[in-house]
Amino acid sequence: MVIRMEGKLQRFFGSQDMTTGSPSAGLIQFAIPLLIGNLAQQLYNTVDSIVVGKYVGDTALAAVGASGPIFNLLLVLFIGLATGATIMVSQYFGARQREMLSDTVGTIVILTALCSIFIMIAGPLLTPPLMRLLDTPAEIYSQSCSYLIIIFLGVAGPAFYNIVSGMLRGLGDSVMPLIFLLVSCGLNIVLDILFVAGCNWGVSGVAVATIISQAVSAVLCFIRLARMQDVLDFGWKTLRMHRSLVGRVVKLGLPSGLTQAVFSMAAIVVQSLTNSFGTAVIAVSTVVMRVDGFAMMPNFTFGTAMTTYAGQNIGAGKLDRVEQGTKDGMRIGILTSAVLVAAILIFGGSLMRLFTTTEEVITMGVRMLRILAVGYVAMAVTQILSGVMRGAGDTVTPMWISLATTVVIRVPVAYALAYFTRSEALPNGAPDSLFISLLVSWVLGALLSIFAYRHGKWRSKAITSQNAEENGSPA
């Protein structure tokens, strides 16, 4: 009995091989810890906003929200690294290429360190001019800058957590990153209350709490990675750059990094439009995006799960399992998203009241959530199909879809709607334009993703096969 229980615990806490067994069962087993982890990750921003909104006020809440697009813009390096890392690790793990797997992990850790140093220097220098460029309202300018500068100075913690936890998930381990994140999230809540409510540090206290707690989770992820000696070698000797692997990481991660860069630039352009509506609308947008983060969790969760699932099975040469897993993942993802959307529609007002007591903000926020509702189901389709394509090594197609829906659709539609809804009462247009444009881009993105998946170029993108061809040996 003891031996049997130890075996079950080892399977649960160890790396998960999704190249065998039921695709749906494997996806659910892998995705549940990932979903809880995404919930905990979202709690970072949500608790920050709740504490700031309750203890400091709507102005401070708007200050945290206004800083978001700038922060995301300067994190594009890590987005690219994380995407490349997950794809390469999952495929080399599925192909049982231990040496390539170990070299890849060591290379990505060094790249992350170099990118962190760059952001720690560039971020604080660029923050004030970028905030002025956005016409950030004077009443929130100083607080927004303080929040961002502190976050950038401590960016190594969040960066290493997200990238190392991504590599652990590529190895099929979604449980231990979850445990570390839950510990970190609990610490973040305690520090938020201590620094903001106890020490009166305002938005600066929220920033300090975030970087400390995520640094703790990063250290725990490193310890876990170092102990996975059954699947890879990780230590001081493996922490070195491999030129060929750097090229592959860049090739795989660059499309995602560019996509995120364009997203961030578009968000900055839209944030400028948001700022023109005033502090109340900025606060509404901040709260809606926090709730939106929870509604999007199943989509991003199953998208990430499909990346690992597809990567492992393509690495193992099991394309038929990829297609079956895609069908299973689609059913699970859409159903889960639909249930959460129903909950948000029913309890939208209560969710808004967690952040603020201002009735104007609550009423407007509920209306915005109703506008976005159908779009969450559409995003489930986009994320799952994009996850499959990325897992196969095709990161370019999802990039073009994202660029088209953001640059060609979302931004122009937002400004056009704002322009045509101008009136004496609304000189800058209707705030609804911000979210109607988002809904339109999500629905069209789902249609484009379906077309791209059926077109099928992702089936020939496996990096392990490319590596085998370069070495003159079978994958």
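The values are calculated or read from the model by the stated rules, or taken from the named source; none is laboratory data. Just so you know, these numbers come straight off a predicted model, no measurement behind them. No Cβ is skipped: glycine too gets one built from the backbone with ideal geometry, and neighbour counts run over all protein chains shown. Surface areas here come from the heavy atoms of the whole protein model, side chains and all, with no ligands, DNA or RNA. Shrake-Rupley method; radii C 1.70, N 1.55, O 1.52, S 1.80 Å.
Using the Karplus curve 6.51 cos²θ - 1.76 cosθ + 1.60 with θ = phi - 60°, work out ³J(HN,Hα) for each residue of segment 427-436 in order, rounded to whole Hz, and write x for Gly and Pro.
With the stated coefficients, segment 427-436 comes to x, 9, x, 7, x, 4, 4, 4, 9, 5 Hz.
Compare D432, D192 by solvent-accessible area with a 1.4 Å probe and give them largest first, with all protein chains kept in place.
Final ranking, largest accessible area leading: D432, D192.
Compute the acute angle (0 to 90°) between the alpha-carbon long axis of helix 23-55 and the principal axis of greatest extent of the alpha-carbon atoms of the chain; round to the nearest 10°.
30 degrees
How high is the relative contact order of the chain? Use alpha-carbon pairs under 8 Å, at least six apart in sequence, and give a whole percent.
Once divided by the residue count of the chain, the mean separation gives 23 percent.
Between R96 and F347, what length in nm is gained on full extension when 0.36 nm per residue of separation is reduced by their alpha carbon distance?
Gain on stretching R96 to F347: 85.6 nm.
Extension gain E359-K54, at 0.36 nm per residue separation less the Cα-Cα distance, in nm?
Fully extending the segment from E359 to K54 adds 108.4 nm.
Skipping prolines and chain starts, which residues have an amide H placed within reach, meaning under 5 Å, of the one on T421, given they are 5 or more residues away or on another chain?
Answer set, sorted by chain and number: A430.
On a full-extension model of 0.36 nm per residue, what is the gain between V250 and Q324, subtracting their alpha-carbon distance, rounded to one decimal in nm?
Result: 23.7 nm gained on full extension.
Note the count of lysine pairs whose C-alpha atoms are less than 17 angstrom apart in the chain, limited to pairs 8 or more residues apart or on different chains.
Here the count comes out as 5.
Over the chain, average the accessible area per residue using a 1.4 Å probe and give it in Å², no decimals.
Value returned for the chain: 41 Å² of accessible area per residue.
Along Cα→Cβ, 7 Å out, is where each label goes; now give me the distance between the ones at N200 and L125 in nm to one decimal.
Inter-label distance under the simple model: 3.6 nm.
Any idea what angle helix 243-276 forms with the longest principal axis of the chain, computed on alpha-carbon atoms, 0 to 90 degrees, nearest 10?
On a 0 to 90 degree scale, this one is about 10.
For an R0 of 41 angstrom, estimate the FRET efficiency from the Cβ-Cβ distance between R367 and I193 and round to the nearest 0.05.
0.85
Calculate one ³J(HN,Hα) per residue across segment 317-330 by plugging θ = phi - 60° into the Karplus curve 6.51 cos²θ - 1.76 cosθ + 1.60, and present them in order as whole Hz with x for glycine and proline.
Result, ordered by residue: x, 10, 5, 4, 5, 4, 5, 5, x, 5, 4, 5, x, 5 Hz.
Run the simple label-point estimate for L114 and E139 please: 7 Å along Cα→C-beta, distance reported in nm.
A separation of 4.6 nm, rounded to one decimal place.
Ignoring ligands, DNA and RNA, how do Y415, Y55, Y309, Y147 rank by accessible area with a 1.4 Å probe, largest first?
Solvent-accessible surface, decreasing: Y55, Y415, Y147, Y309.
Spin-label point model (7 Å from Cα, Cβ direction): what's the T421 to V183 distance in nm?
Each label point lies 7 Å from its Cα, and together they span 4.7 nm.
Applying the Karplus parametrisation 6.51 cos²θ - 1.76 cosθ + 1.60 with θ = phi - 60° to the phi angles of segment 215-221, what ³J(HN,Hα) value in whole Hz is obtained for each residue in order, glycine and proline being reported as x?
Running phi through 6.51 cos²θ - 1.76 cosθ + 1.60 with θ = phi - 60° gives 5, 4, 5, 5, 4, 5, 5 Hz.
I'm checking a number: the convex hull volume of the Cα atoms of the chain, normalised per residue, in Å³. What is it?
That works out to 142 Å³ per residue.
Using R₀ = 41 Å, calculate the FRET efficiency as 1/(1 + (r/R₀)^6) where r is the Cβ-Cβ separation of R454 and Q229; round to 0.05.
So, using R0 = 41 Å, E works out to roughly 0.45.
Sort the following peptides by mean Cβ neighbour count (other Cβ atoms within 10 Å, averaged over residues), highest first: 91-100, 395-404.
91-100, 395-404
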